1. Any residue in region 112-120 that is at pLDDT 85 or above, of a type in the set (A, V, I, L, M) and within 15 Å of the chain's Cα centre (by Cα)?
2. Between a first residue in region 40-54 that is touching a residue at least 40 places away in the same chain (Cβ under 8 Å) and a second residue that is of a type in the set (D, E), which pairs have beta carbons less than 8 Å apart while being 6 or more apart in sequence or on different chains?
3. When G128 is evaluated against the numbered criteria (1) modelled with pLDDT of 80 or more; (2) more than 18 Å from the chain's Cα centre (by Cα); (3) surrounded by 16 or more Cβ atoms within 10 Å (Cβ to Cβ); (4) not in a helix (DSSP H, G or I), which criterion, by number, is the only one it fails?
4. Which of the residues belonging to region 125-162 are touching a Lys or Arg at 6+ places or on another chain (Cβ under 8 Å) and of a type in the set (A, V, I, L, M, F, W, C)?
5. Identify, please: which residue in region 158-215 is of a type in the set (F, W, Y) and outside any helix (DSSP H, G or I) and is, among those, nearest to the chain's Cα centre (by Cα)?
6. Output the qualifying pairs, or none if there are none: Cβ atoms under 8 angstrom, residues six or more apart or on different chains, first residue in region 90-118 and aromatic (F, W, Y), second residue in a helix (DSSP H, G or I).
7. Kindly indicate whether S33 is loosely packed, with under 14 Cβ neighbours inside 10 Å, at pLDDT 90 or above and more than 19 Å from Y185 (Cβ to Cβ).
Amino acid sequence: MRLADSPPNPWFSWDYVERNHADIADALSQHVSLTVQAVAIALLIAFPLAALAHLRPRLAAPVVGTAGVLYTIPSLALFALLAPYTGIGRTTVLIGLVAYALLVLVRNILTGLQGVDPAVTDAARGMGYGRMRMLAQVELPQALPSIVAGVRIATVTTVALVTVGVVVGYGGLGQLMFRGFRSNYHAEIMTATLLCLLLALVADVAIVLVARVSMPWSRSARLLADVSV
């Protein structure tokens with residue numbers, strides 16, 4: 001039974017935010033930094049892997065399969081396995097996050113490249129495009145919608161997975177969640193949870209806006225489709 005003189009412990013407390021704004025800002029900054037770096041590194045690795053699998057179809061199954069195996073390893077187990085070799089902290093968390101983002105990115109990039117209209121590639125080939133030039137100037141631009149979808153999924157997933165880094169002492173907003181669970185302080189848990197949701201939403205919207213600016217031809221295609229209807 002709760003005592004009458006027990007201090008209130010609401011699910012959200014603005015007073016908690018005001019008193020702990022420095023800790024919250026540090027945790028949020030760490031969370032954003034880990035997310036951006038993990039997705040960026042995963043993209044740098046995924047692009048050449050997907051391109052190689054596209055250019056050499058026999059390599060597609062091994063590449064996607066290897067990324068899939070990494071993805072199936074439970075996050076807690078992966079961080080625990082990495083810690084003895086990479087230490088406690090940022091490096092271990094980054095390696096784990098990159099590993100989890102790889103499957104989504106490789107699969108979406110490869111799917112986008114494989115889904116390019118054969119008529120487009122045939123026309124480019126007839127104009128004298130070599131294999132690498134066709135990949136860079138024809139297939140990749142056509143595959144951008146699928147690539148953007150993969151980046152969106154990978155980013156939102158990474159925002160959630162960063163919190164698991166608390167097991168090696170570097171979990172961004174997960175640090176606040178863990179501290180809140182230990183002290184049974186609901187306001188701390190809820191504040192960190194809401195910030196994670198807000199961060200995922202902002203990141204997703206930002207990616208969509210950047211994609212619309214970088215893919216003007218897709219807007220034109222949608223406009224023509226609407227007019228024809």
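1. no
2. Listed by first residue and then by second, the contacts come to H54/E139.
3. (3)
4. So the first thing to find is which residues in region 125-162 are touching a Lys or Arg at 6+ places or on another chain (Cβ under 8 Å), and the list is 134, 150.
The one that is touching a Lys or Arg at 6+ places or on another chain (Cβ under 8 Å) and of a type in the set (A, V, I, L, M, F, W, C): M134.
5. Y170
6. What qualifies is Y100/L70; Y100/Y71; Y100/S75; Y100/T157; Y100/T158; Y100/L161.
7. Judged against the criteria, S33 is not a match.
So that you can scan it fast, the table gives a plain yes or no per residue for (1) modelled with pLDDT of 90 or more; (2) within 30 Å of H186 (Cβ to Cβ); (3) not in a helix (DSSP H, G or I):
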residue: D23; (1), (2), (3): no, yes, no
residue: Q37; (1), (2), (3): yes, no, no
residue: V69; (1), (2), (3): no, no, no
residue: I95; (1), (2), (3): yes, no, no
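The values are calculated or read from the model by the stated rules, or taken from the named source; none is laboratory data. In this text, all values refer to a predicted model and were calculated from it rather than measured experimentally. All Cβ positions, even for glycine, are placed from backbone atoms using ideal geometry, and neighbour counts span all protein chains on display.
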